[in-house]
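A.B. asks: Here it is, the structure, as structure tokens.
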Amino acid sequence: MHGGDLVAQALQAHGVRFVFTLTGGHIAPVLVGCHQRGIRVIDTRHEATAVFAADAVARLTGIPGVAVVTAGPGVTNTITAIKNAQMAQSPLVLIGGATATALRGRGALQDIDQMTLMKSLTKWRRSVRRVRDLIPTLEEAFFRARDGVPGPVFVELPIDLLYDEQVVRQWYGLKRIGRSPAQWAAWVSRSVWVHHLFAGAQQQAVVKPRPVPQREPDQRDIHAASLALATAERPLLLAGSQAVLDPASVDALARAITATGIPVYLSGMARGLLGANHPLQMRHRRREALREADLVILAGVPCDFRLDYGNHIPRHTRIIAANRSRTDLMLNRRPQIAVLGDPAHFIHRLSNATSNHNLERWQETLRQRDAGREAEIIRLSNQQTAYVNPLYLCRMINDALTDNSIIVADGGDFVATASYIVRPRRPLSWLDPGPFGTLGVGAGFALGAKLCRPDADVWLLYGDGSVGYSIAEFDTFTRHNIPVIAVVGNDAGWTQIAREQVELLHDDVATRLAHSDYDQVAAGFGAVGRRIDDPELVEETLQQAQQSVARGKPVLVNVLIGTTDFRKGSLSM
Ligand SMILES: Cc1ncc(C[n+]2csc(CCOP(=O)(O)OP(=O)(O)O)c2C)c(N)n1
Ligand SMILES: [Mg+2]
């Protein structure tokens, strides 16, 4: 048994079914160990994809996703994806290879200070120094990733801990003792070093995954919140990603929300929590609703740029906030009732403590407004634009979804439009990057999603700019038999940026792309590629795409789209 196998053993004991990687000499024993233990090893074409995939696995299963990358450039290539997971509060374990312990700082290949690099990106990190510490360190890593505010952790594994002792002794030149006193002294010192690496390795502890305790909301806060709710006439609930951190309890959460009767806006991973057509869920004109509400409950939703730093909620409006993060709880606005703890637990407790009161009129006002906006969207989607009207395309995608579809959003303008039109049908079936807002999550998220839910059809909505970051992963989809449907909203540009830039600076420099044949690129990697520029063909092409997926083939539909004013004036800063 070598160190790589011990790592695999620890991962397996923590419920890990997939590891995502791009290989390198420093990590080979870990990958082989996983493979031989039946953990599926998915090798991607970029380390960022491996981490995005691990992030998706974490979000959909609650079990930390695992990415294994090689020393140096393998680790540095993960930075954006790791930062994204940190800001999305997604628990994942990044395992990085590293140079041999005795060669640190001596000019070895790919030897950089990875621990300092990872300091601001991870909530916890360790460099393992002895074989016997491999399993306990990984146990700790899995615990830390999920404890409190979840997030990525980093474990660095020097290569000489991963091979068996005989091989390492050979590397260190311990097979032969030199004749001179100097050679002898060097041999002794290297021998002591290797002895230290392997000391106690034979008596490996059994892997014991540690349960993660949850901080329960304070009973006084629940009481105060239920009193506030009892007197509110126009309460509004905003639920965000942090409310669905525990996939096992999302259905119970949906029931608890329904029982409160409070109108709801869902964001991030919480989209889809209430299905496609729940009477309490509103989708549009949130700002107006926030202006009129007399009580706003923020369940895992910080007052960041998405709520205009709290300015979307008038000063006099009472706020109840529940959040696992003390910083997010207090960000920009001090709530009247601040509950430090899991927002889903809080809603359960609140729901139990609250007797239903009549909110019919308020619900109806919001519902009518929502319906008004829906009608407007349908009208806009029927307008003629060049090529295919993007709103129409989104409506067609929405119509093609089943009750078991997962949607991945990677792009700017086009996918933001889709987020108002394409409705996830069930909990945990919408994935977007989160507050870091990085482009490039697409293929990795889709990969993780399809692996976790092989029966689901995974729809990957891309902008034509965004698709460039991960189109090479169609190779991964093909090699690993991962059939997903990608739809590229191709407007030949980085439109979200162009819109403001051209208006304010009268120059479109660096925002133009070509109507490139992304479909052919995907076809080159073995997928089915289709290109359309005619609205008449959309419905049929999407149906064919679903058939291809049913036959096990990944598909990329490259749709040339026109422009509308739907998102005019929406700029995030
Ligand atoms: C990694 C990264 N680089 C740049 C940006 C800035 N950015 C935000 S939206 C956007 C345009 C995206 O273009 P595309 O994917 O084609 O979508 P479109 O807006 O054209 O629909 C850009 C460049 C970003 N969010 N992330
Ligand atoms: Mg574009």
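The values are calculated or read from the model by the stated rules, or taken from the named source; none is laboratory data. Quantities reported herein were computed from a predicted structural model and do not represent experimental measurements. Heads up, the Cβs are rebuilt from the backbone with ideal geometry, glycines too, and the neighbour counts pull from every protein chain shown. Just the protein is used for accessible areas: all its heavy atoms, side chains included, with ligands, DNA and RNA removed. Shrake-Rupley method; radii C 1.70, N 1.55, O 1.52, S 1.80 Å.
A.B. asks: What's the total number of residues in segment 173-206 that are farther than 21 Å from Asp133 by Cα and of a type outside the set (Val, Ile, Thr)?
C.D. replies: Here is the first cut: in segment 173-206, the ones farther than 21 Å from Asp133 by Cα are 173-189.
Now drop any that are not of a type outside the set (Val, Ile, Thr), which leaves 173-176, 178-187, 189.
Adding up the residues that qualify gives 15.
A.B. asks: Taking the stated definitions as given, is Ala224 closer than 30 Å to Leu350 by Cα, part of a helix (DSSP H, G or I) and at pLDDT below 95?
C.D. replies: Details: closer than 30 Å to Leu350 by Cα: yes; part of a helix (DSSP H, G or I): yes; at pLDDT below 95: no.
Against the criterion (closer than 30 Å to Leu350 by Cα, part of a helix (DSSP H, G or I) and at pLDDT below 95), Ala224 does not qualify.
A.B. asks: For segment 500-529, name all the residues that are open to solvent by less than 80 Å² (accessible area, probe 1.4 Å) and either hydrophobic (A, V, I, L, M, F, W, C) or more than 16 Å from ligand 1 (Cβ to nearest atom) (or both). Talk me through it step by step, then tell me what you get.
C.D. replies: The initial filter retains those residues of segment 500-529 that are open to solvent by less than 80 Å² (accessible area, probe 1.4 Å), namely 500-502, 507-508, 511, 513-519, 521-529.
Matches in segment 500-529: Val502, Leu513, Ala514, Val521, Ala522, Ala523, Gly524, Phe525, Gly526, Ala527, Val528, Gly529.
A.B. asks: Continuing with the same structure: Within segment 430-438, does at least one residue satisfy the condition of being at pLDDT 95 or above and not in a loop (DSSP other than H, G, I, E, B)?
C.D. replies: Yes, some residue in segment 430-438 is at pLDDT 95 or above and not in a loop (DSSP other than H, G, I, E, B).
A.B. asks: Say whether the condition of being assigned to a helix (DSSP H, G or I), polar (S, T, N, Q) and surrounded by fewer than 24 Cβ atoms within 10 Å (Cβ to Cβ) is met by at least one residue in segment 300-316.
C.D. replies: Our first condition is that a residue be assigned to a helix (DSSP H, G or I); within segment 300-316, this holds for 305-310.
Narrowing further to those that are polar (S, T, N, Q): none.
No; the residues of segment 300-316 include none that is assigned to a helix (DSSP H, G or I), polar (S, T, N, Q) and surrounded by fewer than 24 Cβ atoms within 10 Å (Cβ to Cβ).
A.B. asks: Further question on the same structure: Conditions first: (1) within 14 Å of ligand 1 (Cβ to nearest atom); (2) open to solvent by 10 Å² or more (accessible area, probe 1.4 Å); (3) out of contact with any strand residue (DSSP E or B) (no Cβ under 9 Å at 6 or more places or on another chain); (4) hydrophobic (A, V, I, L, M, F, W, C). Ala416 passes all but one, so which condition is the exception?
C.D. replies: Unmet condition: (3).
A.B. asks: List, please: which pairs have Cβ atoms under 7 Å, are six or more places apart or on different chains, and start with a residue in segment 526-555 that is touching a residue at least 60 places away in the same chain (Cβ under 8 Å) and farther than 17 Å from Ile397 by Cβ and end with one that is open to solvent by 10 Å² or more (accessible area, probe 1.4 Å) and assigned to a strand (DSSP E or B)?
C.D. replies: Lys553/Val528
A.B. asks: Report, by residue number, each residue of segment 317-332 that is open to solvent by less than 20 Å² (accessible area, probe 1.4 Å) and either free of Cβ contacts under 8 Å to residues at least 40 places away in the same chain or over 26 Å from Phe436 (Cβ atoms) (or both).
C.D. replies: Taking segment 317-332 as the starting set, the residues that turn out to be open to solvent by less than 20 Å² (accessible area, probe 1.4 Å) are 317, 319-323, 325, 329.
Those that are open to solvent by less than 20 Å² (accessible area, probe 1.4 Å) and either free of Cβ contacts under 8 Å to residues at least 40 places away in the same chain or over 26 Å from Phe436 (Cβ atoms) (or both): Thr317, Ile319, Ile320, Ala321, Leu329.
A.B. asks: May I pose another question? When you look at Asp342, is it within 29 Å of the chain's Cα centre (by Cα), at negative phi, among the acidic types (Asp, Glu) and open to solvent by 20 Å² or more (accessible area, probe 1.4 Å), yes or no?
C.D. replies: Working: within 29 Å of the chain's Cα centre (by Cα): yes; at negative phi: yes; among the acidic types (Asp, Glu): yes; open to solvent by 20 Å² or more (accessible area, probe 1.4 Å): no.
Answer is no for this residue.
A.B. asks: Select from segment 174-205 the residues that are part of a loop (DSSP other than H, G, I, E, B) and touching a residue at least 24 places away in the same chain (Cβ under 8 Å) and write down the one among them that is most open to solvent (accessible area, probe 1.4 Å).
C.D. replies: So in segment 174-205, the residues part of a loop (DSSP other than H, G, I, E, B) come out as 174-180, 199-205.
Filter once more, so that each one left must be touching a residue at least 24 places away in the same chain (Cβ under 8 Å): 199-201, 203-205.
Numbers: Ala199: 25, Gly200: 27, Ala201: 14, Gln203: 145, Gln204: 50, Ala205: 56 Å².
Looking at residues that are part of a loop (DSSP other than H, G, I, E, B) and touching a residue at least 24 places away in the same chain (Cβ under 8 Å), I get Gln203.
A.B. asks: Which numbered condition in (1) part of a helix (DSSP H, G or I); (2) in contact with a strand residue (DSSP E or B) (Cβ under 7 Å, 6 or more places away or on another chain); (3) open to solvent by 10 Å² or more (accessible area, probe 1.4 Å); (4) more than 22 Å from Val19 (Cα to Cα) is the only one that Asn398 fails?
C.D. replies: (2)
A.B. asks: Now for a separate question. Within segment 369-377, can one find any residue that is within 16 Å of ligand 2 (Cβ to nearest atom), more than 17 Å from the chain's Cα centre (by Cα) and at negative phi?
C.D. replies: Residues of segment 369-377 that are within 16 Å of ligand 2 (Cβ to nearest atom), as a first pass: none.
For segment 369-377, residues within 16 Å of ligand 2 (Cβ to nearest atom), more than 17 Å from the chain's Cα centre (by Cα) and at negative phi: absent.
A.B. asks: So, Ile497, is that one away from ligand 1 (no atom under 16 Å from the Cβ) and of a type in the set (Val, Ile, Thr) or not?
C.D. replies: Values: away from ligand 1 (no atom under 16 Å from the Cβ): no; of a type in the set (Val, Ile, Thr): yes.
When the stated conditions are applied, Ile497 does not pass them.
A.B. asks: Let me ask something additional. Return the total of residues in segment 452-469 being open to solvent by less than 10 Å² (accessible area, probe 1.4 Å), away from ligand 1 (no atom under 15 Å from the Cβ) and over 17 Å from Ala54 (Cα atoms).
C.D. replies: 2
A.B. asks: Which one of Leu253, Leu238, Leu273 is assigned to a strand (DSSP E or B) and buried (at least 22 other Cβ atoms within 10 Å of the Cβ)?
C.D. replies: Leu238
A.B. asks: Pairs, please: C-beta under 7 Å, at least 6 apart or cross-chain, first residue more than 15 Å from Gly448 (Cβ to Cβ) and within 16 Å of ligand 2 (Cβ to nearest atom) and in segment 468-492, second open to solvent by 20 Å² or more (accessible area, probe 1.4 Å) and charged (D, E, K, R)?
C.D. replies: Within 7 Å, the pairs are Ala492/Arg512.
A.B. asks: Filtering segment 425-451 down to residues that are over 15 Å from Val51 (Cα atoms) and surrounded by fewer than 24 Cβ atoms within 10 Å (Cβ to Cβ), which residue is nearest to ligand 2 (Cβ to nearest atom)?
C.D. replies: Out of the qualifying residues, it is Gly437.
A.B. asks: Kindly provide the set of residues from segment 36-92 that are under 10 Å from the mean Cα position of the chain (by Cα) and basic (Lys, Arg), ordered by number.
C.D. replies: Arg59
A.B. asks: For segment 360-393, what are the residues that are open to solvent by 40 Å² or more (accessible area, probe 1.4 Å), in contact (Cβ under 8 Å) with a residue 12 or more places away in the chain and among the acidic types (Asp, Glu)?
C.D. replies: Selection gives Glu374 alone.
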